[in-house]
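Peer 1: Sharing a structure below in structure tokens format, with a few things to ask.
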Amino acid sequence: MKYYLVACFDSSDAINTMQQTYLKMKIDFGEKPLSFNKKQKSIIGERFKIFFLTTQQIEVDGYQFDGVIRNRQFIRKANNTARKIYAMHLETTKAINGVNNRDGILRMYVEGGR
């Protein structure tokens with residue numbers, strides 16, 4: 001199982017980004033199992049789990065991520081503390097995996113590169 005983080009500005013931003021991503025993925029994945037967990041703010045596929053977490057949530061999560069990305073609202077509105085926490089996750093991800101595996105699923109469905 002691969003774990004991905006999408007850093008979001010606040011709770012409503014996380015829900016909106018998650019819903020948009022889920023709809024895009026549902027179109028491409030078709031009948032393949034794909035679930036939407038609003039409580040955990042995550043999308044779960046057969047081989048991945050994508051978390052859409054706010055600045056407060058990414059500080060306390062216990063996951064090691066295979067890829068991390070910031071959404072547009074986070075980039076525009078996050079304060080320096082939130083940016084430092086995100087940078088810590090980015091560096092940890094690179095140290096553990098050798099790279100930030102944001103290409104592929106995150107780029108295609110969250111950044112809209114499809």
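Peer 1: What's the whole-number percent of alpha carbon pairs in the chain lying beyond 17 angstrom?
Peer 2: 50 percent
Peer 1: Here is a further query. Give, rounded to the nearest 20 debye, the magnitude of the charge dipole that the stretch 1-107 has about its Cα centre when Lys and Arg contribute +1 at Cβ and Asp and Glu contribute -1 at Cβ.
Peer 2: 220 debye
Peer 1: Note the angle between two axes, namely the Cα long axis of helix 80-97 and the longest principal axis of the Cα atoms of the chain, as a number of degrees from 0 to 90, rounded to the nearest 10.
Peer 2: Taking Cα atoms only, the helix is inclined about 70 degrees.
Peer 1: Using Cα positions and a limit of under 24 Å, work out the lysines in reach of K49, with same-chain residues fewer than 8 apart set aside.
Peer 2: By straight Cα distance, K49 reaches K2, K24, K26, K32, K38, K39, K41, K84, K94.
Peer 1: What does the convex hull of the Cα atoms of the stretch 34-96 come to per residue, in Å³, rounded to a whole number?
Peer 2: Value for the stretch 34-96: 94 Å³ per residue.
Peer 1: If you fit an axis through the alpha-carbon atoms of helix 11-29 and take the longest principal axis of the Cα set of the chain, what angle between them do you get, 0 to 90°, nearest 10?
Peer 2: In the chain, helix 11-29 runs at an angle near 40 degrees to the longest axis.
None of the figures in this text is laboratory data; all of them are computed from the coordinates on show. All values reported here derive from a predicted model rather than from experimental measurement. Quick reminder, even Gly has a Cβ in these numbers, built from the backbone with ideal geometry, and neighbours come from all protein chains shown.
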